[in-house]
1. Determine the dipole magnitude for the chain: charges of +1 sit on the beta-carbon of Lys and Arg, -1 on that of Asp and Glu, nothing else is charged, the reference point is the Cα centre, and the result goes in debye to the nearest 20.
2. Of (i) 3, 17, 27, 26, 17, 7, 2, 0, 0; (ii) 3, 14, 22, 22, 18, 10, 5, 3, 2, 1, 0, 0; (iii) 3, 13, 18, 18, 16, 13, 10, 6, 2, 1, 0, 0, which one was derived for P(r) over Cα pairs in 10 Å bins from 0, in percent from the structure shown?
3. Please figure out what share of the DSSP beta bridges in the chain is antiparallel and state it in percent, rounded to the nearest 5.
4. If one computes the Cα centroid of segment 241-303 and of segment 461-521, what distance in Å separates the two points?
5. Quick one: order E482, E32 from most to least accessible surface, probe 1.4 Å.
6. Among 332-343, 461-472, how do they line up by average Cβ neighbours within 10 Å per residue, starting with the highest?
7. Quick check on segment 157-210: what does the Kirkwood estimate of hydrodynamic radius come out to from the alpha carbon pairs, in Å?
8. Could you report the accessible area of E369 in Å², rounded to 10, computed with a 1.4 Å probe on the protein chains as they sit in the structure?
Amino acid sequence: MGIRILRQLVLRRFFSWLLPLALAACASLPTERSATPSYVLTDTAGTTLGRHAANRLAGLKKPNGVHLMPRGQDAFLARLALADMAERSLDAQYYIWRGDTTGRLLVAALLRAADRGVRVRLLIDDVGAAANDEGLLALDAHPNVEVRLFNPVASRSARAFGMVFDFARTNRRMHNKSFTVDNQFTIVGGRNIADEYFEARSDVDFGDLDTLTIGAAVADVSALFDRYWNSPAVYAIGDLTTTRPDAETSATMLASLREFERAQQAGAYAQALRESALAGQLRAGRIPFVAADVQVLADDPAKVERPDEDPSKNLLPQLMPQYTGLRQQLVLISPYFVPGDEGVQSLRRLRESGVRVRVLTNSLAATDETAVYAGYAKYQRALLEAGIELYELSPEAQRRSAGQERRKSDDATHGSGRSRAALHAKVLIFDCRTFFIGSMNLDPRSAFTNTEIGFVVDAPALAAQLCANLEKGLSQAAYRLELSKSQPGSTQIEWVGVEDGREVRHASEPMAGSWQRFKSWFYSLLPIEPLL
């Protein structure tokens, strides 16, 4: 009898806790919306950045100038410097914006710009950023700042439950990444706003690539930003919650942010930023831009609003002409690579036509998404049999490239102070003459679920340089996958790497621990490929 009563009490307590969450999760998005459409400011040629862009373009004899930023610290410094140089407008669109060191420093830069009278529009993905509503509301309270969220979860108090109850909608996210100042300079690429993308963490460093661009492409990026900003899938932060931080709370938060910024000035990361020459080049208008034709490709927001519409409007189909024109080689660089049966067959046909195909993705030990690696692993054998060259980044890529001694135990964990390399760049190189750079991964989620943005850059010298850098780095920084005969009539996959100057072969994923391998095996059993 006592056990029965105890069970009843536990159940009552459980349901009394669960019911409010369930009710909160069933909340719906507001029907009344206060946000009004706004558009890019076009009369910005007279700004400092406008004059710099015009001066640089005059000597390029092409409609655009591009400057690649492979170093994380330079990529972050470029954003800070542009924010500090802004005179009229700053439009930022991101999937992830964390409240860590770089995230807070960049917010402080946005506020400084707003204090000078610059109009700041911040559009972030509600799920990817998982930002604190109170902080966003405090930022939005500035008269020159407006914050909007893409495809938000209706319930602000029980967001995880809200996602589950409305999964078909909330599963579709805005993965775009762009940073545009005065409608004159724009940064587009693979980096989100978080420490791991800008060499500001000691335990992990995401290798990525952004392009700083001037010229005709900037107006296209701005027009695309407007399309998202004014989309029905976007809501003003103030429309999603009735709670508001009072004036004292907002003032305290902003004061804390500025104190944090001051405290960072003495840190090692701030010192590294000060030693970069890029900020001085930006301020002086001396960035070494490369002349290029640039085509801006992107998904329409309707991919999320009306997912059953014509998929030919998506970004990936827009890239097809680049594939059909291939003559010599294709390089695919993607941290998350899940080609599917159709993708394998497409690459097989390219290989049969005489095109060399190389793929660089994360190894199991380097990836931050084990489930995605498991999805890719299903296709390794078919890809190798089709003649596709597969390479996987080593988590020790930076130390090996620098000639440093590798650690002795493959199963040792990456502890604090030992930065684990991980690939995050999304680059496709066509015949070493043109290339795509942007936010799109080569996986089902980028192709069919999320929205993406990217550039097709026609700059043969720059594309050739990317190919040469890849050729130089692959042998030291990555494992090459091969099919080797294990016994008569059968083959097995081997991972071939160079360690301490000699070739080493591994029969299973190198440097991956037992737990990682178990998780990869377990995920491979689940029917989750469309979600990857």
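The values are calculated or read from the model by the stated rules, or taken from the named source; none is laboratory data. Since we're looking at a predicted model, the values are computed, not measured. Please note: Cβ atoms are built from the backbone with ideal geometry, for glycine as well, and neighbour counts cover all protein chains shown. Accessible surface is based on the protein model in full, side chains and every heavy atom, while ligands, DNA and RNA are left aside. Shrake-Rupley method; radii C 1.70, N 1.55, O 1.52, S 1.80 Å.
1. Computed charge dipole of the chain: roughly 480 debye.
2. Derived directly from the coordinates: (i).
3. Restricted to the chain, the bridges split so that about 65 percent are antiparallel.
4. 37 Å
5. E32, E482
6. 332-343, 461-472
7. For segment 157-210, the Kirkwood estimate is 14.1 Å.
8. We get 80 Å² for E369.
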